[in-house]
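Accompanying notes for the structure given below.
The values are calculated or read from the model by the stated rules, or taken from the named source; none is laboratory data. Keep in mind the model is a prediction, meaning the values are calculated, not measured. Counting neighbours? That spans all protein chains shown, and the Cβs are built from the backbone with ideal geometry, glycine included.
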């Protein structure tokens, strides 16, 4: 197994920082890319953790940050932007995101209403398109539209280090025993999602690792395993949850069935502490409803 979930430097230019979403370790990975004194953080986490994130940046010699690139507009990836900019007010931090994310970032009311988390408007965002290059003092990072999980998801390809940062656009694989699919509302699109799988597979020969937001860096054989399993897992999870919903729409029932089938050995969502999994699966059931599968 080649799975990196510990904080710190994991290739010549990249660092993993644990964003500790919901104050839980190993729940949200933030990444910092550094080159020739320029530093860009991928995603921002939740506002509650902003000062702790800053302390970690200082610990690893990554303070201050010059750019924040958002993989998509969900609250857990963007909420801390405003607070981080205030803490690092001496730096005019550039915020970058997909051009399709701009509306949600400037007018977050729709996302706030669905997720129940308050995200303040994020303005003056540099829009990114498929094929754009972000030049970090000579390290060229290519942007890919990785739609599906959301219609504003992007990936960041680092050809020099043969790594790609994908946010939530593929799967959540917190550890070898804990895997969660990505059909989260309010704008999951399966056709776009499957096309993203094709895009990632086409990049296989240029890559050695994939960096997931939830959670960690999967390298070499483990990276290949993710490529091989992502599509089958999506359909298996989707069809199973639809079946269980029609058997019994109780979220408790579906959660028990999911745990038994997909993650019986999870140390994050254990059989005796399953409420966190139930919370996540509630979103997934809503996602299937929004997409018209239920």
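Looking at 254, 285, 226, which one is under 30 Å from residue 12 (Cα atoms), assigned to a helix (DSSP H, G or I) and at pLDDT 95 or above?
Unique residue meeting the criteria: 226.
For segment 140-155, check the following and say yes or no: at least one residue is in contact (Cβ under 8 Å) with a residue 60 or more places away in the chain, under 17 Å from the mean Cα position of the chain (by Cα) and assigned to a strand (DSSP E or B).
yes
Here is a list of conditions, (1) surrounded by 22 or more Cβ atoms within 10 Å (Cβ to Cβ); (2) free of Cβ contacts under 8 Å to residues at least 40 places away in the same chain, and residue 166 meets all of them except one; can you say which number that is?
(2)
Can you find a residue that is in contact with a helix residue (DSSP H, G or I) (Cβ under 8 Å, 6 or more places away or on another chain), in a loop (DSSP other than H, G, I, E, B) and under 24 Å from residue 170 (Cα atoms) anywhere in segment 59-71?
Within segment 59-71, one or more residues are in contact with a helix residue (DSSP H, G or I) (Cβ under 8 Å, 6 or more places away or on another chain), in a loop (DSSP other than H, G, I, E, B) and under 24 Å from residue 170 (Cα atoms).
Quick one: in segment 90-101, which of the residues that are out of contact with any helix residue (DSSP H, G or I) (no Cβ under 7 Å at 6 or more places or on another chain) and buried (at least 20 other Cβ atoms within 10 Å of the Cβ) is nearest to residue 116 (Cα to Cα)?
101
Can you work out which of the residues in segment 108-120 that are more than 19 Å from residue 290 (Cβ to Cβ) and over 18 Å from the mean Cα position of the chain (by Cα) is surrounded by the most Cβ atoms within 10 Å (Cβ to Cβ)?
120
Is it the case, given these coordinates, that residue 220 is more than 19 Å from residue 183 (Cα to Cα), touching a strand residue (DSSP E or B) at 6+ places or on another chain (Cβ under 8 Å) and surrounded by fewer than 16 Cβ atoms within 10 Å (Cβ to Cβ)?
Criteria met by residue 220.
Just one of 15, 31 is touching a residue at least 12 places away in the same chain (Cβ under 8 Å), closer than 21 Å to residue 149 by Cα and crowded, with 19+ Cβ neighbours inside 10 Å; which is it?
31
Mind listing whichever residues of segment 156-167 are touching a helix residue (DSSP H, G or I) at 6+ places or on another chain (Cβ under 8 Å) and either modelled with pLDDT under 95 or part of a loop (DSSP other than H, G, I, E, B) (or both)?
If the condition is that a residue be touching a helix residue (DSSP H, G or I) at 6+ places or on another chain (Cβ under 8 Å) and either modelled with pLDDT under 95 or part of a loop (DSSP other than H, G, I, E, B) (or both), then 159, 162 are the ones that fit.
Looking only at segment 205-218, how many residues end up being over 17 Å from the mean Cα position of the chain (by Cα) and closer than 28 Å to residue 44 by Cβ?
3
Report yes if some residue within segment 230-244 is free of Cβ contacts under 8 Å to residues at least 40 places away in the same chain, farther than 25 Å from residue 24 by Cβ, over 19 Å from the mean Cα position of the chain (by Cα) and crowded, with 20+ Cβ neighbours inside 10 Å; otherwise report no.
yes
Give segment 77-89 a look and list any residue that's in contact with a helix residue (DSSP H, G or I) (Cβ under 6 Å, 6 or more places away or on another chain) and surrounded by fewer than 22 Cβ atoms within 10 Å (Cβ to Cβ), or say none.
Scanning segment 77-89 gives 83, 87.
Could you tell me which residue of segment 258-275 is farthest from the chain's Cα centre (by Cα), considering only residues that are in a helix (DSSP H, G or I) and touching a residue at least 12 places away in the same chain (Cβ under 8 Å)?
Among residues in segment 258-275 that are in a helix (DSSP H, G or I) and touching a residue at least 12 places away in the same chain (Cβ under 8 Å), the one farthest from the chain's Cα centre (by Cα) is 261.
Filter segment 12-47 for residues that are at pLDDT below 95 and closer than 18 Å to residue 169 by Cβ and give the result.
Correct list: 21, 27.
Counting just the residues of segment 34-58 that are assigned to a loop (DSSP other than H, G, I, E, B) and crowded, with 21+ Cβ neighbours inside 10 Å, which one comes out farthest from the chain's Cα centre (by Cα)?
Selected residue: 46.
Do you know which residues across segment 84-113 are in contact (Cβ under 8 Å) with a residue 24 or more places away in the chain and part of a helix (DSSP H, G or I)?
84, 87, 99, 100, 101, 102, 104, 105, 110, 111, 112, listed by residue number.
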